[in-house]
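Each value in this text was obtained by applying a stated rule to the coordinates, not by laboratory testing. Given the structure is predicted, the values throughout are model-derived calculations rather than measurements. Note: ideal-geometry Cβ built from the backbone for every residue, glycine included; neighbour counts use all protein chains shown.
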Amino acid sequence: MFNFKFYSPHLLLIFLPSALFASEPKPWQMDLQPPSGIIAETATDLHNFLLIVITLISLFVLGLLIYVCWRYRENSNKIASKTSHNTLIEILWTVIPVLILVVIAIPSFKLLYLQEADKEYDMVVKVTGAQWYWNYEYPDEKINFDSYMIEEDKITKTQKRLLDVDNPLIVPEGIKIKFLITGNDVMHSFFIPSLAVQVYSIAGRVNEVWTEIPNGPKTYYGQCNQICGVNHAYMPIVLKSVSKEDYKKWLKEAKTKFASANNNLKIVMNNEKKFKEIN
Ligand SMILES: [Cu+2]
């Protein structure tokens, strides 16, 4: 549980959630969460473009089916046609879908290139998925800590049920982060929808992904989205971006709070932690 004694009053402000500054799921939400950062914005643009393409194709196929059902119904076609080939139509239904796929492939490959090729980053965070919590490690700062969901009976009015955690991942605003994502036991998945980050966390393997954290303090909520056992639904992800000064202050206090000489040992020790099961 959060030990507020460790945090000075100005830092408390960082941890007060605000509806205005949070990327989170909303009740009855139909669309994607508003994107943050260039990868999420590009992915959302691609999604919106594909939605138009797929809607036009579906409407065309539906219209064609309705027309064929009406035009070639039994009443007006007593003798059925035996036609089985039409070269022009066969060329069309091959060439047109190929062209549509090429049009889709261009923005899609651009996005893949953006995600995979731009390796410049300002900081590295190692994320370890475990049953059922996350461990965040800042290799350059030599700190790591566990992040547990706040259980329902301990939740305060300002916290979000099933989403808020005791120790959120704090990062400075306006930077590029490289996440190294690995696992401690079964497969998990590190998923923050508004940042378009979704990477499997697999024991014995390190996956990497980079993302841009836009300017401005904000809370980004995510969840494990690889079914990983009985408490799969209770290992949310909270990433908070704060100003550079607040980050430095947090880092100073975190180094005391989460001091750790041997990070690998810490991960092994995490195995012994017991998570109270939620009914
Ligand atoms: Cu999981």
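Counting 0.36 nm for each residue step from L46 to T256 and taking away their Cα separation leaves a gain of 71.2 nm.
From a point 7 Å beyond the Cα of V124 in the direction of its Cβ, which residues of the stretch 134-169 have a backbone N at a distance under 13 Å? Within reach of a label on V124, which here means backbone N under 13 Å from a point 7 Å along Cα→Cβ, the stretch 134-169 contributes 137-143. For the stretch 82-166, trypsin sites (Lys or Arg not before Pro) are listed when DSSP marks them as loop and at most 12 other Cβ atoms sit within 10 Å of their Cβ; the list is K82, K119, K157, R161.
Here's the picture: charge each Lys and Arg Cβ at +1 and each Asp and Glu Cβ at -1 in the stretch 97-153, and of P97, M149, A130 the one pushed furthest to the positive end of that dipole is P97. In this label model, A233 and R71 are separated by 5.0 nm, measuring between points 7 Å along each Cα→Cβ vector. Ordering of 195-207, 84-96 by packing is 195-207, 84-96, highest average first (other Cβ atoms within 10 Å, averaged per residue). Extension gain, S108 to K244, is 45.6 nm, computed as 0.36 nm per intervening residue step minus the present C-alpha separation. Distance distribution P(r), the stretch 38-117, all Cα-Cα pairs, bin width 10 angstrom from 0: 14, 30, 26, 16, 10, 4, 0 percent. Counting every pair of alpha carbons in the stretch 123-270, the share spaced more than 25 Å apart comes to 23 percent. Among K110/K248; K26/K218; K178/K248; K26/K178; K142/K248; K160/K218, which pairs are too far apart, with a Cα-Cα distance over 25 Å? Beyond 25 Å between Cα atoms: K110/K248; K26/K178.
Listed by chain and number, the aspartates and glutamates whose alpha-carbon sits under 19 Å from that of K176, ignoring those within fewer than 8 places in the same chain, are E41, E116, D118, E120, D122, E137, D140, E141, E208, E212, E245, D246.
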